[in-house]
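Colleague: Just dropping this structure here.
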Amino acid sequence: MDAIARELRTSRSTVSRLLSFARETGLVQIQIWNPLESSAELESAVVRRYGIRAHVVPHVSNLNEAETLDRVAMYAARTLTPLVSSNAVVGVAWGSTLSAMSRYLNRKSTHGTTVVQLNGAANTQTMGLGYASEIMHRFGAAYDAAVEEFPVPAFFDRAETKRLMWHERSVRRVLDIQARMSLAVFGIGSIAADVPSHVYAAEYLDADDTASLAREGVVGDVATVFFREDGSSDGITLNERATGPDHRLVRSVPHRFCVVSGSAKARSLRGALHARLITELVADEATVRALLALDA
């Protein structure tokens, strides 16, 4: 009422009388819009459609994509903590979303817990150790967990090299830890994202790789293992050289915690859902609306 009085250059009491008259005559109605109600409806719609647990971060006007990502990352960090327990193996895939999320992790004391890196980070320009290691050690510090890094390339140059490396005892040891995961935490990579996914923006893929993904109908990746919008991944050439976990391994993990921000990732998210890679989802409202619109 003070603001209205200043705007109309009248007294607060006059504004009060006018508002009372307007409400009594039905000219004015005062309603409270709770964004959480909208989020709850969207969460229920995702549950009905995909049978997973969804957490929708309410829309806030005037936020750009980077700010929305930061808000989703903060929400995801709080939501993840109750799922982390002692004597657990937590798999973590590096990426732009997980990097943001790792800065907001809440401290929780556990014992006997291990955080294991899900995919290699090296490329032709860098070993990627600093970027991936920072994310991993933030997770480890938050949960008093041991950290197992995975010092291999994100993609081998040849599929045969990967097959041979997967028999090496040092690599096999990390793969065996991954196989014991009870919780996997990951974002979704998408070439169409407004905030570029790290695998597409940091020279992990050359022009031939990108052209191959386009020919094969790829819409996104989880831990650098690619999939199409229908959830299929068979016949995707680059997956033969990728060091991320096979989708069959991901689907065997009881809790598969996915964090997504940006409506441009809706088709990528849909592909991951069709591939049954997700059991818990944290996403912003615009992304969930875009996802459900694809199914309309």
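Colleague: What residues qualify as long-range amide H neighbours of V147, i.e. H under 5 Å apart, gap of 5 or more or another chain, H built at 1.01 Å from N?
Modeller: Here the answer is V115, since their amide H atoms fall under 5 Å of that of V147.
Colleague: Right, here's the next one. Charges only on Cβ, +1 for Lys and Arg, -1 for Asp and Glu: so what's the dipole of the stretch 35-295 about the Cα centre, in debye to the nearest 20?
Modeller: Roughly 800 debye, rounded to the nearest 20.
Colleague: Sticking with this structure for a sec: Could you tally the net charge around E280, taking each other residue with its Cβ under 9 Å from the Cβ of E280, Lys/Arg +1 and Asp/Glu -1? Numbers along the way, then the final one.
Modeller: Working: positive: R53, R256; negative: none.
Result for the local shell: +2.
Colleague: Counting Lys and Arg as +1 and Asp and Glu as -1, what is the net charge of the other residues whose Cβ lies under 14 Å from the Cβ of T161? Kindly include the intermediate steps, with their values, before the conclusion.
Modeller: On the way: positive: R158, K162, R163, R241; negative: D157, E160, E168, E240.
Result for the neighbourhood of T161: 0.
Colleague: Now, a different point. Just the C-alpha atoms of the stretch 117-264: what Rg/Rh do they give, with Rh taken as the Kirkwood radius?
Modeller: Details: Rg = 14.9 Å, Rh = 16.0 Å.
The Rg/Rh ratio comes out at 0.93.
Colleague: Over the chain, what is the percentage of antiparallel beta bridges among all DSSP beta bridges, to the nearest 5? Spell out each step's value before the answer.
Modeller: Numbers: 6 of 31 bridges.
Beta bridges within the chain, antiparallel portion: roughly 20 percent.
Colleague: Any chance you could give the angle, 0 to 90 degrees and rounded to 10, that helix 129-143 forms with the longest Cα principal axis of the chain?
Modeller: Between helix and principal axis, roughly 60 degrees.
Colleague: Can you list residues whose amide H is under 5 Å from V219's amide H, if they're 5+ apart or on another chain and H is modeled 1.01 Å from N?
Modeller: F227, R228, E229
Colleague: Over all directions, the average projected area of the alpha-carbon convex hull for the chain comes to how many nm²?
Modeller: 19.8
Colleague: Next question, about the same structure. For a quick check: with amide H placed at 1.01 Å from N, whose amide H comes under 5 Å from A121's, ignoring anything fewer than 5 positions away on the same chain?
Modeller: HN-HN under 5 Å from A121: V152, A154.
Colleague: Along the charge dipole of the chain, which of T97, G262, T79 sits closest to the positive end, that is, farthest toward it, with unit charges on the beta carbon of Lys, Arg, Asp and Glu (+1, +1, -1, -1)?
Modeller: T79
Colleague: Under 15 Å from the Cβ of A3, count the other residues' Cβ atoms, weight Lys and Arg +1, Asp and Glu -1, and hand me the total.
Modeller: That sum, taken over residues with Cβ under 15 Å, equals +1.
Rule-based calculations on the coordinates, nothing more; no lab input. Not measured: the values here are computed from a predicted model. Quick reminder, even Gly has a Cβ in these numbers, built from the backbone with ideal geometry, and neighbours come from all protein chains shown.
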